[in-house]
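Each reported figure results from applying straightforward, stated rules to the coordinates on display, with no laboratory input. Note that the structure is predicted; figures quoted are calculated from it, not measured. Here the Cβ positions follow ideal geometry from the backbone for every residue, glycine too, while neighbour counts run over all protein chains shown.
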Amino acid sequence: MSKVFYAFLLSLLAGLSTLLGAIPIFGKTKNKEKMITASLAFAGGVMTCVSLTDLIPESYSRIIESYQPFPSVLILLIFFSVGVLLSIFIDKLFPNSSSNSTHTSKLYRVGIISMLAIIAHNLPEGIATFLSASENAKLGLLLTLAIALHNIPEGISIAIPIYYSTNSKKKAFSYTLLSGLSEPLGALLAFLVLSPFVTPFRMGFLFAMIAGIMIHISFYELLPESWSYHDRIRTILFFVIGVFFMLLSHVLM
């Protein structure tokens with residue numbers, strides 16, 4: 001098996017693991033509101049933890065290869081802020097229809113914005129997986145397993161709100177699949193176009209921006225929508241579970 005094929009296969013498998021997050025929509029749910037509350041809070045915990053323990057440290061470690069510590073921190077914060085502002089801009093593209101928008105319309109909006117954020121997240125992940133696997137097969141496999149654990153709850157953040165807002169398993173599955181396919185797309189772009197242009201600094205500021213996007217979505221979209229179902233203990237509990245799930249994945253990997 002050639003290194004290129006192996007690297008692309010790993011990127012594809014990492015991306016398709018997002019579909020595992022759509023499994024809950026195919027089961028029977030006795031209480032829809034509890035499922036939504038738990039799923040959104042869990043996804044918020046996952047995205048927050050990924051941003052703080054993965055993306056930001058990875059961004060710093062790459063930027064510091066080119067700059068001293070203080071400028072590196074400053075650059076990271078600037079691009080993190082750019083990510084937040086970009087997320088706010090995306091949010092404005094999908095405004096609530098009114099101040100009294102129903103849970104259905106809000107859920108659909110949350111699902112779409114989560115999908116866009118995860119596509120933005122998966123593209124550089126696909127590039128990183130492809131480049132790592134091309135150079136070191138074992139490192140590429142470990143990275144794929146780690147990304148797969150991250151991608152499952154990210155799939156939940158798309159599938160659950162899309163399904164319960166549209167009552168369409170096909171749409172929920174399709175949107176989740178679309179976000180997952182952005183991972184092998186990143187690998188394909190790396191192979192065809194981007195490899196000569198990928199530098200530690202460029203990947204560093206990209207990871208910082210994505211962290212900003214994910215933090216904003218967690219605290220402006222996912223958690224407020226979960227909170228709006230008035231099961232506050234469940235929201236807090238599953239947010240904490242989401243954080244610990246990701247921390248456990250780090251320990252295991």
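Things worth noting here:
- Checking each residue in region 133-159 for being surrounded by fewer than 20 Cβ atoms within 10 Å (Cβ to Cβ) and either more than 25 Å from A22 (Cα to Cα) or in contact with a Pro (Cβ under 9 Å, 6 or more places away or on another chain) (or both) picks out E135, N136, A137, K138, L139.
- Per the conditions (1) closer than 20 Å to S179 by Cα; (2) surrounded by fewer than 18 Cβ atoms within 10 Å (Cβ to Cβ); (3) not hydroxyl-bearing (S, T, Y), the sole criterion not satisfied by F70 is (1).
- All positions within region 38-90 that are of a type in the set (V, I, T), more than 30 Å from S228 (Cα to Cα) and either touching a Leu at 6+ places or on another chain (Cβ under 8 Å) or in a helix (DSSP H, G or I) (or both): I63, V73, I75, I78
- Selected residue [closer than 24 Å to P57 by Cα and crowded, with 24+ Cβ neighbours inside 10 Å] from I217, I241: I217
- Qualifying position, being under 26 Å from H250 (Cα atoms) and free of Cβ contacts under 8 Å to residues at least 40 places away in the same chain, among P57, P24: P57
- Remark: A190 matches the filter, which requires a residue to be surrounded by 18 or more Cβ atoms within 10 Å (Cβ to Cβ), farther than 29 Å from E221 by Cβ and in contact with a Phe, Trp or Tyr (Cβ under 9 Å, 6 or more places away or on another chain).
- Residues of region 39-63 satisfying the condition of being aromatic (F, W, Y) and surrounded by 24 or more Cβ atoms within 10 Å (Cβ to Cβ): F42
- Yes/no for L10 being crowded, with 24+ Cβ neighbours inside 10 Å and either on the phi < 0 side of the Ramachandran plot or over 14 Å from the mean Cα position of the chain (by Cα) (or both): yes
- Set side by side, the residues I36, I88 differ, and just one is surrounded by 14 or more Cβ atoms within 10 Å (Cβ to Cβ) and β-branched (V, I, T), which is I36.
- A count restricted to region 220-238 and to residues that are among the β-branched types (V, I, T), surrounded by fewer than 18 Cβ atoms within 10 Å (Cβ to Cβ) and either in contact (Cβ under 8 Å) with a residue 60 or more places away in the chain or outside any helix (DSSP H, G or I) (or both) stands at 1.
- Of all the residues in region 158-206, those that are in a helix (DSSP H, G or I), of a type in the set (S, T, Y) and under 23 Å from V82 (Cα atoms) number 2.
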